[in-house]
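Trainee: A single structure is presented below for examination.
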Amino acid sequence: NARKTIKSSIVFFSKELSIEANRQLSLESALRGSLAQGKLEVFYQPQVCLRRMKLKGFEALARWPDPNEGYISPADFIPIAEKTGLIIDLGTWVLDESCRQAKQWAQEGLPFDYVSVNVSPVQIWQPNFERIVEASLQRYHLPPSYLCLEITENVFIGHDEARMMEVLRKLRDLGVLLSLDDFGTGYSSLSYLNRLPFSQLKIDRAFVTGAHLDPGKEKLLRGMVNLGQTLGLKVITEGTEVIGEISLARQINCDGVQGFYYSRPVPACDIPDVIARINALPALVPARGNETVR
Ligand code: C2E
Ligand code: MG
Ligand code: MG
Ligand code: MG
């Protein structure tokens, strides 16, 4: 009887597996098709400087429109693209499109410092990744300081620090900014933070959500902000959704916030209005108690 159960669960398991494998295959080919047909989009989410109460920059986020589901989440399709290698073409496209858009906004005189583009570990370990970046900068005559590359800590897995330093140096030599994304969640080594040429640290949403309601979390967040700033990095909080989190970020002198409170990621055409709205906000951030934080 036990044997029978095991046998049938093996059959069940492999059936499940092949359903999952098939689903991935069909998603991958549909994604490849959408990319080739120019059907992917890039949305942009503002980052706000709380000290000046002005827009700092944007994060470019890939969007895959789906006729039935609205948009398929990058959390679903990026991992598949990474597994199949499609992330190379997809990532190159997002980078290029973001540079084109940044140049257009700069020419229109919109006030922003940079556009941040996510870079997958698969992309960065290509032999000539810096050439791909350089090509997009040159194609649109975009000054490199307008481009920031977001890299997660997982990029280090399986590679030594010397190789990583070499790759990041080449990118820094182009004049682009480098940001360490999802800080705190990945394979963190604090010695990297100190030595590698990052200019920005993005604290993962996990450390931000509810930090204003939990003294332990608040201490951790404050410590992370101080650590980053002590090492000379600008520190941004991710997933800053509610006013309490914004006030806390202001109170602990975080350099910038990104999150639904100020804006969800929006299509490029909405950006001029979003900037105008953010830059017209009063300079004071409401405090957590009754007092007002200056
Ligand atoms: P990420 O780089 O950490 O991007 C931030 C994610 O948090 C985005 O999800 C954004 O929409 C979401 N977010 C922003 N503010 C809030 C908030 O206040 N609350 C909550 N709950 N979420 C917030 P999105 O757009 O779904 O992207 C998910 C992840 O997919 C990104 O995480 C990034 O790792 C990856 N991704 C997106 N676009 C690209 C791309 O072009 N290339 C690569 N390699 N990865 C990408
Ligand atoms: Mg990111
Ligand atoms: Mg992130
Ligand atoms: Mg994240």
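Trainee: When region 226-238 is examined, which residues are found to be more than 16 Å from ligand 3 (Cβ to nearest atom) and either surrounded by 15 or more Cβ atoms within 10 Å (Cβ to Cβ) or not hydrophobic (A, V, I, L, M, F, W, C) (or both)?
Mentor: 226, 227, 229, 230, 232
Trainee: May I pose another question? Looking only at residues that are touching a strand residue (DSSP E or B) at 6+ places or on another chain (Cβ under 7 Å) and of a type in the set (Ser, Thr, Tyr) in region 217-258, which one is nearest to residue 200 (Cα to Cα)?
Mentor: 237
Trainee: Kindly provide the set of residues from region 191-209 that are under 14 Å from residue 235 (Cα atoms) and within 16 Å of ligand 1 (Cβ to nearest atom), ordered by number.
Mentor: 198, 200, 201, 202, 203, 204, 205, 207, 208
Trainee: Take the residues in region 256-277 that are of a type in the set (A, V, I, L, M) and more than 18 Å from residue 106 (Cβ to Cβ), then tell me which one is surrounded by the fewest Cβ atoms within 10 Å (Cβ to Cβ).
Mentor: Start the filter on region 256-277 by keeping residues that are of a type in the set (A, V, I, L, M), which leaves 257, 266, 268, 271, 274-276.
Retained after the next criterion (residues that are more than 18 Å from residue 106 (Cβ to Cβ)): 257, 266.
On the way: 257: 27, 266: 16.
So the residue we want is 266.
Trainee: Okay, next question. Here are some residues: 246, 236, 278, 271. Which one is assigned to a strand (DSSP E or B) and within 16 Å of ligand 1 (Cβ to nearest atom)?
Mentor: Answer to the selection: 236.
Trainee: For residue 38, only one of the following conditions fails: (1) in contact (Cβ under 8 Å) with a residue 40 or more places away in the chain; (2) in a loop (DSSP other than H, G, I, E, B). What is its number?
Mentor: Single failed check for residue 38: (1).
Trainee: Might you let me know whether region 171-178 holds any residue that is within 20 Å of the chain's Cα centre (by Cα) and under 23 Å from residue 226 (Cβ atoms)?
Mentor: yes
Trainee: Which numbered condition trips up residue 244, out of (1) closer than 28 Å to residue 99 by Cβ; (2) away from ligand 4 (no atom under 16 Å from the Cβ)?
Mentor: Here residue 244 clears every test but (1).
Trainee: From the residues in region 151-170 that are away from ligand 2 (no atom under 16 Å from the Cβ) and hydrophobic (A, V, I, L, M, F, W, C), which one is nearest to residue 198 (Cα to Cα)? Reasoning before the result, please.
Mentor: Restricting attention to region 151-170, the residues satisfying the condition of being away from ligand 2 (no atom under 16 Å from the Cβ) are 156-170.
Within this subset, residues satisfying the condition of being hydrophobic (A, V, I, L, M, F, W, C) are 156-157, 162, 164-165, 167-168.
Working: 156: 14, 157: 17, 162: 15, 164: 12, 165: 10, 167: 12, 168: 8 Å.
By that ranking, first place goes to 168.
Trainee: Residues to consider are 232, 186; find the one that is closer than 27 Å to residue 55 by Cβ and of a type in the set (Gly, Ala, Ser). It would help to see each step written out before you state the result.
Mentor: On the way: 186 fails: closer than 27 Å to residue 55 by Cβ.
Going through 232, 186 in turn, just one is closer than 27 Å to residue 55 by Cβ and of a type in the set (Gly, Ala, Ser): 232.
Trainee: Within region 37-66, how many residues are aliphatic (A, V, I, L, M), farther than 23 Å from residue 78 by Cα and within 17 Å of the chain's Cα centre (by Cα)?
Mentor: Within region 37-66, residues that are aliphatic (A, V, I, L, M), farther than 23 Å from residue 78 by Cα and within 17 Å of the chain's Cα centre (by Cα) number 2.
Trainee: Also, I was wondering about something else. Condition (residue is touching an Asp or Glu at 6+ places or on another chain (Cβ under 8 Å), within 16 Å of ligand 2 (Cβ to nearest atom) and modelled with pLDDT of 95 or more) applied to region 141-150: is it met by at least one residue?
Mentor: Within region 141-150, one or more residues are touching an Asp or Glu at 6+ places or on another chain (Cβ under 8 Å), within 16 Å of ligand 2 (Cβ to nearest atom) and modelled with pLDDT of 95 or more.
Trainee: Do we have residue 65 as surrounded by fewer than 22 Cβ atoms within 10 Å (Cβ to Cβ), under 22 Å from residue 183 (Cα atoms), at pLDDT 95 or above and in contact with a Phe, Trp or Tyr (Cβ under 9 Å, 6 or more places away or on another chain) here?
Mentor: Here the answer is no, as residue 65 does not meet what is asked.
Trainee: Now, a different point. Among the residues of region 146-164, is any more than 16 Å from ligand 4 (Cβ to nearest atom) and under 20 Å from residue 42 (Cα atoms)?
Mentor: yes
Trainee: Among the listed residues 56, 39, identify the single one that is buried (at least 21 other Cβ atoms within 10 Å of the Cβ) and of a type in the set (Lys, Arg). Even if it seems obvious, please write down each step before you answer.
Mentor: Working: 39 fails: buried (at least 21 other Cβ atoms within 10 Å of the Cβ).
56 is the lone residue from the list that is buried (at least 21 other Cβ atoms within 10 Å of the Cβ) and of a type in the set (Lys, Arg).
Trainee: Kindly provide the set of residues from region 166-192 that are in contact with a helix residue (DSSP H, G or I) (Cβ under 9 Å, 6 or more places away or on another chain) and more than 16 Å from ligand 3 (Cβ to nearest atom), ordered by number. Spell out the reasoning first.
Mentor: Here is the first cut: in region 166-192, the ones in contact with a helix residue (DSSP H, G or I) (Cβ under 9 Å, 6 or more places away or on another chain) are 167-168, 170-171, 173-178, 180-192.
Of everything in region 166-192, those that are in contact with a helix residue (DSSP H, G or I) (Cβ under 9 Å, 6 or more places away or on another chain) and more than 16 Å from ligand 3 (Cβ to nearest atom) turn out to be 167, 168, 170, 171, 173, 174, 175, 176, 189, 190, 191, 192.
Trainee: Assuming residue 44 fulfils every condition listed in (1) in contact with a Phe, Trp or Tyr (Cβ under 6 Å, 6 or more places away or on another chain); (2) at pLDDT below 95; (3) within 24 Å of residue 262 (Cβ to Cβ) apart from one, which condition is it?
Mentor: (2)
Trainee: Can you tell me which condition residue 68 does not meet? The list is (1) over 21 Å from residue 259 (Cβ atoms); (2) in contact (Cβ under 8 Å) with a residue 40 or more places away in the chain, and all the others hold.
Mentor: (2)
The values are calculated or read from the model by the stated rules, or taken from the named source; none is laboratory data. Predicted, not measured: the structure shown is a model, and the values here were computed from it. Cβ: placed from backbone, ideal geometry, glycine included. Neighbour counts: every protein chain shown.
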